[in-house]
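The values are calculated or read from the model by the stated rules, or taken from the named source; none is laboratory data. As the structure is a prediction and not an experimental result, all values here were calculated from the model. We place every Cβ from the backbone using ideal geometry, glycine too, and count neighbours over all the protein chains shown. Areas reflect the complete protein model, heavy atoms only, side chains present, ligands, DNA and RNA absent. Shrake-Rupley method; radii C 1.70, N 1.55, O 1.52, S 1.80 Å.
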Amino acid sequence: MKTAIPLAAAAALLVTTTVASANTFALTVTNKTNSVVDAFYASPKGVKAWEEDLLDDKVLGAGESITIRFSDSRDVCEYDLLVEFYEDDLEDLTDTQNLCEIGEYEIYE
């Protein structure tokens, strides 16, 4: 079962809102930490297992951004998110967001 981050950690995640169409959208993820993001997962809310790492074989260094394009045949907007940091620099973060409504996602310590 996926778990939500504690309230204090949730406050560390800032989301900027823009409108996008369902099933096809882009999400710009920015690493505002001093650590390297090793993996970023997004699975439809309620799915029991994480889908593929959206960074693939890349990492997201401190201060770096990446734009991830989604084209999902499922009629889904609510996604569970998982951020994993390189070599356990920081505790993994989980969150749930409506990815059809946001365009940017910033990760803070």
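Taken over the range 70-102, the residue count meeting the criterion of being surrounded by fewer than 15 Cβ atoms within 10 Å (Cβ to Cβ) and of a type in the set (Phe, Trp, Tyr) is 1. For beta carbons closer than 6 Å, sequence separation of 6+ or different chains, a first residue in the range 49-60 that is at negative phi and a second that is assigned to a loop (DSSP other than H, G, I, E, B) and open to solvent by less than 100 Å² (accessible area, probe 1.4 Å), the qualifying pairs are VAL59/VAL36.
Scan the range 42-54 and tell me whether some residue there is in a loop (DSSP other than H, G, I, E, B), under 20 Å from GLY103 (Cβ atoms), under 13 Å from the mean Cα position of the chain (by Cα) and at pLDDT below 95. Looking for residues that are in a loop (DSSP other than H, G, I, E, B), under 20 Å from GLY103 (Cβ atoms), under 13 Å from the mean Cα position of the chain (by Cα) and at pLDDT below 95, one finds at least one in the range 42-54, hence yes.
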